[in-house]
Amino acid sequence: MDVVARNQTPIRKTYENIAQKFVISYEQLLRDSLKSYLLARKQELMTERFEILSRYTVTNVNELEEKIKQGIVQEHPSWEDLIDIRNLEREIQGI
């Protein structure tokens with residue numbers, strides 16, 4: 001038995017035990033677990049995005065970019081934050 005198979009066995013057993021306890025299928029538990037993880041991850045990313053936007057009292061990336069161009073906010077670190085927001089938005093869309 002290879003390392004991957006050995007490591008998956010206890011995890012699968014745990015999932016099977018939990019599924020049995022809650023009277024759902026193993027597959028349903030996997031789907032529900034993945035859905036919960038993705039929703040939690042999306043919430044984390046959205047919170048991070050909101051925190052960055054809040055620093056500049058804007059509601060979206062376009063408003064921040066406009067404030068940078070107009071010199072209302074300093075270019076550094078706002079350009080880096082702008083890039084971070086765009087990356088966060090891409091990751092959110094991917095979920």
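Numerical summary
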{"quantity": "Any hit, segment 34-41, residues being polar (S, T, N, Q) and in contact with a Phe, Trp or Tyr (Cβ under 8 Å, 6 or more places away or on another chain)", "calculated": "no"}
{"quantity": "Subset of segment 60-95 (residues that are under 13 Å from Met46 (Cα atoms) and either acidic (Asp, Glu) or touching a residue at least 40 places away in the same chain (Cβ under 8 Å) (or both))", "calculated": "Asp84, Leu88, Glu89, Glu91, Ile92, Ile95"}
{"quantity": "Single residue of Gln20, Gln43 found to be modelled with pLDDT of 95 or more, part of a helix (DSSP H, G or I), more than 12 Å from the chain's Cα centre (by Cα) and not β-branched (Val, Ile, Thr)", "calculated": "Gln20"}
{"quantity": "Test for Ile92: is it surrounded by 11 or more Cβ atoms within 10 Å (Cβ to Cβ) and in contact with a Ser or Thr (Cβ under 9 Å, 6 or more places away or on another chain)", "calculated": "no"}
{"quantity": "Filtered residue count, segment 48-95, keeping only those that are polar (S, T, N, Q) and part of a loop (DSSP other than H, G, I, E, B)", "calculated": "5"}
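The values are calculated or read from the model by the stated rules, or taken from the named source; none is laboratory data. Everything quoted here is computed from the prediction, not taken from an experiment. Methodologically, a virtual Cβ is constructed for each residue, glycine included, from the backbone with ideal geometry; neighbour enumeration extends over all protein chains shown.
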